[in-house]
Amino acid sequence: MTKMNLTRRVMITATAAVLSLGGHAALAADQKVESIHFLIPGGAGGGWDGTARGTGEALTNSGLVGTASYENMSGGGGGKAIGFLIENAESNHGTLMVNSTPIVIRSLTGVFPHNFRDLTLVAGTIGDYAAFVVGKDSPINSMSDLIDAYKADPRGTAVGGGSVPGGMDHLVAAMAFEAAGEDPTAVKYIPYDAGGKAMAALLSGEIAALSTGFSEAIDLANAGEVKIIGVTSDERVASYQDAPTLKEQGIDTSFVNWRGFFGAPGLPAEQAAAYQEVLAAMYETPEWAEVRDRNGWVDIHNSGDDFLTFLEEQEKVIGDLMKKLGFL
């Protein structure tokens, strides 16, 4: 064992010993946390799942966190997990729930009765662009092809997504079709529980195209299983330069979905601060850079009160947009 590895092991062991007494220790200016349990409101293979597991991977591989565990809890468009966290708050102080833009959308539409104000806001951590994806053998090779197919057979050209009707994947599809000059409320949208099931529907030919997170599509695109025909970034994403933007195809719209972490209501301030500090420290590690770049994410860090301000501003923007599109 090298001297550097031995030193690192001693540092982590010492930190774990302190945390076993119920406290948090700062070592070498990095906040260490003994363990985090990640609650994932959707199934395996979706954006929430990838974000939680990728974050846990970076935190544990970098030594910032001792261990990470994961729990998928699908249902109610994410509402089941939120309700569970609220109803079992005291026993979930070691849990961080991943969520994203849908927590704003689904509270606006009444899919569930809670909103982000009912939870402890820890931090927003990343942004993930949306993408339109088709199967590798599809005759559709561009957004223009998709729009033309829709014009020729509106009911037979379904777009799927891993969110409920009126949810984020649906909203992104509506935004794109509206920007292309079509009626956004007329698009046939088929919802699936999480991105993995939606991707399976695409590969089976059940839907013509998939509206999904860009990071969810990269691995299958790299493997040659799907074609990414459009991404909602302003410029092509460095991690997958083959994906054209909607804007360069004449569809003037863009969108980025934030993802971040929430604690149970009543989470002690000291513990919330420890989570915020360890997530902030994560950005400086090569382990995080590897996970982020592999998934095509961008860093969007909003912590504590800044996270609240960000969410309240997004709530207003999305609410106005959904009213315009007829979803509210």
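The values are calculated or read from the model by the stated rules, or taken from the named source; none is laboratory data. Because the structure is a prediction, the values reported are computed rather than measured. Methodologically, a virtual Cβ is constructed for each residue, glycine included, from the backbone with ideal geometry; neighbour enumeration extends over all protein chains shown.
Descriptive notes on the structure:
- Taken residue by residue, the range 95-118 has no member that is aromatic (Phe, Trp, Tyr), over 20 Å from Ser163 (Cα atoms) and at pLDDT 95 or above.
- Filter result for Ala198 (of a type in the set (Gly, Ala, Ser), in contact with a strand residue (DSSP E or B) (Cβ under 6 Å, 6 or more places away or on another chain) and not assigned by TED's automatic domain parsing to the domain that holds Ser239): no
- Considering residues of the range 72-115 that are among the charged types (D, E, K, R) and more than 19 Å from Asp193 (Cβ to Cβ) only, the residue surrounded by the most Cβ atoms within 10 Å (Cβ to Cβ): Glu87
- Subset of the range 123-162 [in contact with a His (Cβ under 8 Å, 6 or more places away or on another chain) and of a type in the set (Gly, Ala, Ser)]: Ala123, Gly124, Gly161
- Subset tally (residues that are over 19 Å from Thr253 (Cβ atoms) and either assigned to a helix (DSSP H, G or I) or in contact with a His (Cβ under 9 Å, 6 or more places away or on another chain) (or both)) for the range 176-215: 11
- Output for the range 303-324, where each listed residue is in contact with a strand residue (DSSP E or B) (Cβ under 6 Å, 6 or more places away or on another chain) and modelled with pLDDT of 95 or more: Ser303, Phe307, Leu308
- The set of residues from the range 71-113 being in contact with a Leu (Cβ under 9 Å, 6 or more places away or on another chain), in a loop (DSSP other than H, G, I, E, B) and not β-branched (Val, Ile, Thr) comprises Met73, Ala89, His93.
- Residue check for Val133: crowded, with 18+ Cβ neighbours inside 10 Å, out of contact with any Phe, Trp or Tyr (no Cβ under 6 Å at 6 or more places or on another chain) and in a strand (DSSP E or B): yes
- Some residue of the range 181-198 being farther than 20 Å from Asp153 by Cβ, among the β-branched types (Val, Ile, Thr) and modelled with pLDDT under 90: no
- Count of residues meeting criterion [without any contact (Cβ under 8 Å) to a residue 40 or more places away in the chain, surrounded by fewer than 18 Cβ atoms within 10 Å (Cβ to Cβ) and not aliphatic (A, V, I, L, M)] in the range 192-216: 1
- Which listed residue, of Thr67, Thr55, Thr7, Thr51, is over 30 Å from Asn257 (Cβ atoms) and either assigned by TED's automatic domain parsing to the domain that holds Ala289 or at pLDDT below 50 (or both): Thr7
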